[in-house]
1. Counting only residues that are part of a loop (DSSP other than H, G, I, E, B) and closer than 18 Å to residue 270 by Cβ, how many does the stretch 224-245 have?
2. Considering only residues that are of a type in the set (S, T, N, Q) and either touching a strand residue (DSSP E or B) at 6+ places or on another chain (Cβ under 9 Å) or at pLDDT below 90 (or both), look in the stretch 477-536 and name the one that is surrounded by the fewest Cβ atoms within 10 Å (Cβ to Cβ).
3. Here is a check on your reading of the model: is residue 35 closer than 30 Å to residue 90 by Cα, at pLDDT 50 or above and within 33 Å of the chain's Cα centre (by Cα)?
4. Residues to consider are 452, 424; find the one that is at negative phi, in contact (Cβ under 8 Å) with a residue 40 or more places away in the chain, touching a strand residue (DSSP E or B) at 6+ places or on another chain (Cβ under 6 Å) and outside any loop (DSSP other than H, G, I, E, B).
5. Residue 402 passes all but one of (1) assigned to a strand (DSSP E or B); (2) within 17 Å of residue 334 (Cα to Cα); which number fails?
6. Does residue 364 fit the bill of being within 25 Å of residue 286 (Cα to Cα), surrounded by 24 or more Cβ atoms within 10 Å (Cβ to Cβ) and without any contact (Cβ under 8 Å) to a residue 60 or more places away in the chain?
7. Of 130, 142, 162, which residue is part of a loop (DSSP other than H, G, I, E, B), more than 25 Å from residue 269 (Cβ to Cβ), in contact (Cβ under 8 Å) with a residue 60 or more places away in the chain and more than 14 Å from the chain's Cα centre (by Cα)?
8. Got a number for residues in the stretch 80-95 being aliphatic (A, V, I, L, M) and surrounded by 14 or more Cβ atoms within 10 Å (Cβ to Cβ)?
Amino acid sequence: MSALSVSAVFGTPVSGASWTVLAQGSVPAPEVDYGAIGAMLVVFAGACLGVLVEAFFPRHVRWSSQVALTLLTLGAAGVTFGWYVGRSAAPVTTLSGTLAIDRPTLFLWGTLIALALGAVLLIADRSVEPGGSFVAQAAIRPGTVQDRAQAATSGMQTEIFPLTLFALGGMMVFCAANDLLTMFVALEVLSLPLYLMCGLARRRRLLSQEAAVKYFLLGAFASAFFLYGLALLYGYAGSVKLSAIAEATAGNDRSDSLLYVGLGLLVVGLLFKGSVGPFHTWTPDVYQGAPTPVTAFMAACTKVAAFGGIVRVLNVAFKASSWEWRGVLWAVAIASMVIGAVLGLTQTDIKRMIAYSSVAHAGFLLVGSIALTEQGRSGTLFYLLAYGFTTLAAFGIVSLVRDGNGEATHLSQWAGLAKRSPLTAAVFTFLLLALAGIPLTSGFVGKFVVFTAAVDDGMAPLVVVAVVASAIAAFFYLRVVVLMYFSEPATDGPTVTVPGVFTTVAITLGVLVTLLLGVYPAVALDWAGPGLAFAP
C-alpha cells in the first residue's frame, strides 16, 4: 500500500513522517471525544451487558433483569445526552472524522432515545398478551404440538432486549456517520437485529417468520445497492468522506458517470430503509407479520434513522449537484405519496393500512429532505419527531384489540369499537387525525413546516401533489373513525384488553407528545430551528 492510497482511504494527506509510522505497522490512535459519543457508548455497553445476562443468568430471572437493564441503559443514555447538550453546542467530528456530532445529530439522538423508551415499554409488556408478544423458544416449528403448548406458557424470548439496544446503537451511528463506509456498517448493525426481531411473534408465527425472511432478503439487496454505490463514489471522489465527495462534486475534470450511477445506487439503499415508494415492497408484509411492539419500534425509530442519514447525505455530500438529482427525487416523492395514499384505500388490515400510511409519510418527509435549506432540515427533523410518537402510540392501541387468536387487525373487527371501549376509540381517533394532519395535532404542524420549506425552495408543484395525496390519505383514516363510531359491534366481536403499566405509559407518552407538539410546537421547533448546521 502506498502513501497515496492511505491518503485516499482516510481522506487526509499522509506526510512522510506519518507514512513512516504506518509502514512500520503502527497506526496513530484516533482522537476520541468521549463526551460527544457518550450516549451512543452507553447504549452499546448496555447491549453487550444484555448478552451476558442471557448467557449467565437463570432463565426465571432474565425477563426482570433484561427489562431493568434496558430501561437503566436508556435512562443513562438520556442523562449522558442531556449532560453533553448542556455542556457544549459546538459541532465536532471525532473518531478520525467518521462521526459528526452536530445539532442535527443531537436532535435525532434525543428523538431516538425517547422513542426507544416507548418501544421498549411495549416490548416488555406481558399483560396484554399473556407471557408477552414474543415466542419463548424460536427454534420450535410453527404448527406443531410443541408450538401450541408454547403459546399457553408465560415464557418470553428475552434476547429481544439486547437486540433492541444493538439496533438503537446502529441507528445512532447511522445518523452521525460522516463517511459512507461508517454509514454502511451502521446500516448493517441496525438491520440485522431487526431481521431477527421480526420473526419472534408468539401468535401467527408462520406470518411472522415469512415477514422476517422477506425483510432479510430485500434488505440484503438494498445493502448491496448501497455498497456498490459507495464503491463507485469512492472511485469518483477518491474518498468515502462526505466532505471529500462534496469537494469532488463541486468541480473536477473527471467523468460524472461514476457520480450519477453511484449516487443512484446509494439512494436506493437509503430509500429502502426509509420505506419510500417504490422501494417499499417489504413494508406492508413486515409491518403486518412482525410482533406489534417490533412494528412500532421499526415504524418510529427506523424512519428517524433512515431520514436522518438521507438528510445528511444530500445536504453535506451532494448539495452542489442538486440540480442533477433533484428532479429524480421529485418523481420518487410523488410515487411514494401516490402509492401510499391510493393503496392505503384498498387495505382491510389495520397494520397494513398504517404501513401504507408510512409510505405516504415517507413521501412527505422526502419533500422536506430535498429542500436543501435550513428550514427544510428543521422541518424534516420536526416531522420525524412528531410522526414517531404518533405511530408508536397507534401501534400500542392496535395491540389492545384482541380476539381468541390474538390481535384483531381486520377492519371489520373494529366496527362499533366506541361502544365497547369509548376511551380506546377516542385515543385512536385522535392519533388517526394526527396522521391525517388535522389542526391542533403534531401531524398538522409537521406537514405545514415541511410544505412551507418546500414552497420557499421553489417546489410549489410538488407541494400541490403532496396536499392532494394528504387529502386522499385522510379518507382511509376517517373510514376507521366512522367504522368505530357509526357501526354496530358484532356479537362475537373482539374485546379491548386493559393495558398494563408499560403499555399505558407508552401510549400516554405518544398521545401527550402528539398533543403538545400540535398545541405548542415551538418547544421542538426552537431546537430544530435557527443554526441547524452540519459539522464540517
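1. 1
2. Applying the filter and picking the extreme gives 491.
3. Here the answer is yes, as residue 35 does meet what is asked.
4. The match here is 424.
5. Residue 402 satisfies every listed condition except (2).
6. no
7. Working: 130 fails: in contact (Cβ under 8 Å) with a residue 60 or more places away in the chain; 162 fails: part of a loop (DSSP other than H, G, I, E, B).
Of 130, 142, 162, the one residue that is part of a loop (DSSP other than H, G, I, E, B), more than 25 Å from residue 269 (Cβ to Cβ), in contact (Cβ under 8 Å) with a residue 60 or more places away in the chain and more than 14 Å from the chain's Cα centre (by Cα) is 142.
8. Within the stretch 80-95, residues that are aliphatic (A, V, I, L, M) and surrounded by 14 or more Cβ atoms within 10 Å (Cβ to Cβ) number 3.
The values are calculated or read from the model by the stated rules, or taken from the named source; none is laboratory data. In this text the structure is predicted, and so the values were computed from the model without any measurement. Cβ sites come from the backbone with ideal geometry, for glycine too, and all protein chains shown count toward neighbours.
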